[in-house]
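K.L.:
To start, I am sharing the structure in question, which I have written as structure tokens.
The values are calculated or read from the model by the stated rules, or taken from the named source; none is laboratory data. Worth saying up front: this structure is predicted, and the values here are computed from it rather than measured. Please note: Cβ atoms are built from the backbone with ideal geometry, for glycine as well, and neighbour counts cover all protein chains shown. The protein model used for the area step is the full one, side chains on, heavy atoms only, and it has no ligands, DNA or RNA in it. Shrake-Rupley method; radii C 1.70, N 1.55, O 1.52, S 1.80 Å.
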Amino acid sequence: MKIELSFSKHALERLSSRGISKSLVVQTIESPDSVINQTECKQVYHKIFQEGRNMKMLRVFVNHCKDPILVITAYKTTKIDKYEH
């Protein structure tokens, strides 16, 4: 599924400082391993991937009530079990 996204200034700053590519964010939203509904408008997309020798999860926070969909922030974590349901 191809979707139109926009990135908040905060998201762009965090992606840059955390070494996360926009393409990985887009891939996570278009083909997530899981999605958590936080509110009617806000969701968190999860994608598990291998980085070096470690398995990591990318967590992408989005606002679906914006047009186009707004990426709020994203970060990588090794604490996969904490967020998997």
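K.L.:
Which of the trypsin sites (Lys or Arg not before Pro) across segment 1-72 are loop residues per DSSP, with 13 or fewer other Cβ within 10 Å? Working shown, then result.
P.N.:
Numbers: sites: Lys2, Lys9, Arg14, Arg18, Lys22, Lys42, Lys47, Arg53, Lys56, Arg59, Lys66; in loops: Lys2, Arg53, Lys66.
In loop regions of segment 1-72 (DSSP not H, G, I, E or B), the sparsely surrounded trypsin sites (Lys or Arg not before Pro) are Lys2, Arg53.
K.L.:
Can you give the accessible area of Ser17 in Å² (nearest 10), computed on protein heavy atoms with a 1.4 Å probe?
P.N.:
Surface accessible to solvent at Ser17 totals approximately 90 Å².
K.L.:
Might you work out the accessible area of His64 for me, using a 1.4 Å probe with all protein chains in place, and round it to the nearest 10 Å²?
P.N.:
The accessible area comes out at roughly 60 Å².
K.L.:
With point charges of +1 on the Cβ of Lys and Arg and -1 on the Cβ of Asp and Glu, referenced to the Cα centre of segment 35-85, which listed residue (Ile69, Tyr45, Met57) lies farthest in the positive direction of the dipole?
P.N.:
Most positive-ward Cα: Met57.
K.L.:
Note the count of lysine pairs whose C-alpha atoms are less than 22 angstrom apart in the chain, limited to pairs 8 or more residues apart or on different chains.
P.N.:
Final tally of qualifying lysine pairs is 25.
K.L.:
Now a separate question. Using a 1.4 Å probe on the protein heavy atoms only, what accessible surface does Asp67 show? Give it in Å² to the nearest 10.
P.N.:
150 Å²
K.L.:
Just to confirm the filter: which GluC sites (Glu not before Pro) across segment 1-65 are DSSP coil and have at most 12 other Cβ within 10 angstrom of their Cβ?
P.N.:
Details: sites: Glu4, Glu13, Glu30, Glu40, Glu51; in loops: Glu4, Glu40.
Those that pass, being in a loop and sparsely packed, are Glu4, Glu40.
K.L.:
Using Rg and Dmax of the Cα atoms in Å as the read-out, say which of [x] 12.2, 38; [y] 11.5, 33; [z] 13.0, 39 was calculated from these coordinates.
P.N.:
Looking at Rg and Dmax of the Cα atoms in Å for this model, the match is [x].
K.L.:
Under a point-charge model restricted to the Cβ atoms of Lys and Arg (+1) and Asp and Glu (-1), what is the dipole moment magnitude of the chain relative to its Cα centre, in debye to the nearest 20?
P.N.:
Computed about the Cα centre, the dipole is about 340 debye.
K.L.:
Roughly what % antiparallel, to the nearest 5, for the DSSP beta bridges in the chain?
P.N.:
Values: 21 of 24 bridges.
Bridges in the chain that DSSP calls antiparallel: roughly 90 percent.
K.L.:
Looking only at Val62, Val26, Val71, which one moves most when the chain is put into a Gaussian network model with springs between Cα atoms under 10 Å?
P.N.:
Among Val62, Val26, Val71, the largest mean-square fluctuation in the Gaussian network model of the chain belongs to Val26.
K.L.:
Any idea what angle helix 9-18 forms with the longest principal axis of the chain, computed on alpha-carbon atoms, 0 to 90 degrees, nearest 10?
P.N.:
With both axes taken from Cα atoms, the answer is about 10 degrees.
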